[in-house]
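A short write-up of the structure that comes next.
The values are calculated or read from the model by the stated rules, or taken from the named source; none is laboratory data. Keep in mind it's a predicted model, so treat the numbers as computed, not measured. Cβ atoms come from the backbone with ideal geometry, glycine included; neighbour counts cover every protein chain shown.
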């Protein structure tokens, strides 16, 4: 992972209170794109197409897969359950076990973590893909991410500036 002292200083709240115990990190896309490799050998950061394959496997209507924003109701199948730690409101038959990690915005503020903000518990998670948007109707310089929320069962497909800090899942090759 890329060394970035400023980033690490702004991560203190999450690292010390929540994320380090789970082995998770909230990363800017600059770190995801680091040529030294974020994922272990034999693994990779999933592309938008990899995410689409997972969504289709979970039963998402193929017509919705390449749409933007909130799609389908398969998010519940990815979220951890009430018996997991940290718990969430999913039923997770997939074993994906997403947790409500929240995110860091481009200005350094944390949201939806349940640890460093006003929310009582984590309320969302956003996960980078390795893909940059190619839809000419949206800015084509932004990377694509997937998001899950406590209050909804959809899976969000969106784009965001690279300065945002989102979670990353590694996928086995």
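For the reader, a short list of remarks on this structure follows.
- Qualifying residue in segment 115-129 (condition: more than 14 Å from residue 169 (Cβ to Cβ), surrounded by 13 or more Cβ atoms within 10 Å (Cβ to Cβ), touching a strand residue (DSSP E or B) at 6+ places or on another chain (Cβ under 6 Å) and modelled with pLDDT of 85 or more): yes
- Filter result for residue 102 (under 14 Å from residue 157 (Cα atoms), in contact (Cβ under 8 Å) with a residue 40 or more places away in the chain and under 16 Å from the mean Cα position of the chain (by Cα)): no
- Enumeration of residues in segment 35-63 that are surrounded by fewer than 17 Cβ atoms within 10 Å (Cβ to Cβ) and without any contact (Cβ under 8 Å) to a residue 40 or more places away in the chain: 35, 36, 37, 41, 53, 56, 57, 59, 61, 62, 63
- Residue within segment 133-146 that is closer than 14 Å to residue 78 by Cα and without any contact (Cβ under 8 Å) to a residue 60 or more places away in the chain present: no
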